[in-house]
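Heads up: the structure comes next, in structure tokens.
The values are calculated or read from the model by the stated rules, or taken from the named source; none is laboratory data. All figures in this text were calculated on a predicted structure; none of them were measured in a lab. Here the Cβ positions follow ideal geometry from the backbone for every residue, glycine too, while neighbour counts run over all protein chains shown.
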Amino acid sequence: MSEAELPSFEIEALHNLLEQEFDFLTNQDFESFEKLQSRKQELLNFLINELPSDSSKIPEITEQTIIDNKEISDRLAECQNLQKRNELLINQKLSSIQEVLSTLGYQNLLTNKDTYEHLNKKKR
């Protein structure tokens, strides 16, 4: 694998990981989802570190490098959209859980009003 192919290989791995993450979320396999997070962070760190910090390392601009970078940029945009989709699903699940907990908490308050312990506390 050449050095030029390396970022696209990592981007493809990130894309596949995000798809797998979504599958785990939709199947409510949170343990497997959690296991993916360290690999996802490794991939993101690798991609961040791949950015040239030295301007002398920037490749010569040719028609081919523009085409290659366009393909990489498009794939990164897809990864960003997948991440947003996964985040939206997580937020929806969290919201549902909060609603259920809120409902259960409210139900418990109503149930406690009718218990003897509650009535004894009121008389004191």
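Quick look at the values:
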| item | result |
| --- | --- |
| First in the range 59-75 and without any contact (Cβ under 8 Å) to a residue 60 or more places away in the chain and more than 14 Å from Glu10 (Cβ to Cβ), second anywhere and in a loop (DSSP other than H, G, I, E, B) and not basic (Lys, Arg), Cβ under 6 Å, 6 or more apart | Thr65/Pro59 |
| Boolean, Leu104 is at pLDDT 80 or above, among the hydrophobic types (A, V, I, L, M, F, W, C) and touching a Phe, Trp or Tyr at 6+ places or on another chain (Cβ under 8 Å) | no |
| Residue match in the range 10-28 (condition: over 17 Å from Asp74 (Cα atoms), small (Gly, Ala, Ser) and in a helix (DSSP H, G or I)) | no |
